[in-house]
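The values are calculated or read from the model by the stated rules, or taken from the named source; none is laboratory data. In this text the structure is predicted, and so the values were computed from the model without any measurement. So basically every Cβ, Gly included, is an ideal-geometry build from the backbone, and we count neighbours across all protein chains shown. Ligands, DNA and RNA are stripped out before the accessible areas are found, and what is left, the full protein with its side chains, is counted by its heavy atoms. Shrake-Rupley method; radii C 1.70, N 1.55, O 1.52, S 1.80 Å.
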Amino acid sequence: MIRRPPRSTHCISSAASDVYKRQRLGLHYAGKVKEALTNDAGREYEQSRRRFKEFLTLYRAYHTQVMLGAIKGMGLLEEEILLYSMQKMHNEALASLIDLGKRYIDFEAAEKYCLEQSEALLALLFEKVLALYTELKVKHEEMIIKSTIKESEITNSEKTINAYEEYCKSFLRKYATNEKMDAEAVIRALPDEWLLNGGEESSVLDYLVLALKDRLGKEERYKIARNAAELQRTNLEYDNSRMQRAYVAVKSHNKCKACDKTLDTRHFYVFPNGVVTHTHCAKDVNTCPVTNVNFAKRLYDCSVSTLSTLFLSLIHICRCRRIERCRSRWSP
């Protein structure tokens, strides 16, 4: 018997060894990027960063938290977002994308991240952007109160606030019909100072109109689908009732469709296509021996309710019944 080493040892066949080796390789690439960034080597920095990003994309056998700690403070935003997405840390990823400390916030990149990961993150993104707007608004009011602040700084603050407000309104207009954006929750979260219709192209009123149209359209489609299902159920109930009332009149000259012999017995099978046979001529109660049609197989594509209703009807008709029970008349 060959004894294998424990999985925790750093041997060639150990999965833990692979994680250890690749993690060391990733830390080596991160160190190269940091070294090139410190030495201000532009070409070497681009090559090292490209190799590090390829490593993160191709290999997953490493500890994500260790990699995040290694590149912290290096300005590798794309690599951070990639690592956050692997761990499903969407809150941290969005916080990095729309950080107020950045000189330029790429909202399109944040939207792209939400759409790639999950549309449910759009509501989280809007919540974060609205929180940033509120924070900027509070800071702006504090700047106005202080008399030492320059007028140019106050003007720049007003422009930033207006830009955030315009983005929030355009965001609402863009995703007004998205299922993950709850219109009621959005209206409650909007600041009180925002006008319903301020004359802009992307106003709150535009969002309300689009959201209301989408909501009414969904309700209308739901009513149509519900009425169609009700009509289908009514038709099935009618067909079931008609099939249950069906009967077969058998006389002395009637013959079995399978063996072409006289039906001289009081027990027989009646199939939905009208074929009457002896019980011993039909091998299966669901398959007609003359046409070889499997009536149970035809029901596989139906819904559960349709299948159950029709199957009960089929069993009711195809089951061997007495002539008196199915209201048949026997003429001697």
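Miscellaneous remarks
- Residues of segment 16-32 satisfying the condition of being open to solvent by less than 80 Å² (accessible area, probe 1.4 Å) and under 38 Å from the mean Cα position of the chain (by Cα): Ala16, Ser17, Asp18, Val19, Gln23, Leu25, Gly26, Leu27, Tyr29, Ala30
- Tabulated pairs, segment 252-275, first over 23 Å from Arg242 (Cα atoms), second assigned to a loop (DSSP other than H, G, I, E, B) and at pLDDT below 75, C-beta under 8 angstrom, 6+ apart or interchain: Ser252/Ser331; Ser252/Pro332; Thr262/Ser252; Arg266/Ile323
- Annotation for segment 201-208: no member residue is open to solvent by 60 Å² or more (accessible area, probe 1.4 Å) and of a type in the set (S, T, N, Q).
- Across segment 44-59, the qualifying residues are those that are within 14 Å of Lys32 (Cα to Cα) and polar (S, T, N, Q), and the one among them that is most open to solvent (accessible area, probe 1.4 Å) is Gln47.
- Enumeration of residues in segment 182-191 that are outside any helix (DSSP H, G or I) and farther than 18 Å from Leu132 by Cβ: Asp182
- The single residue among Tyr247, Tyr238 that is at pLDDT below 80, over 26 Å from Leu121 (Cα atoms) and of a type in the set (Ser, Thr, Tyr) turns out to be Tyr247.
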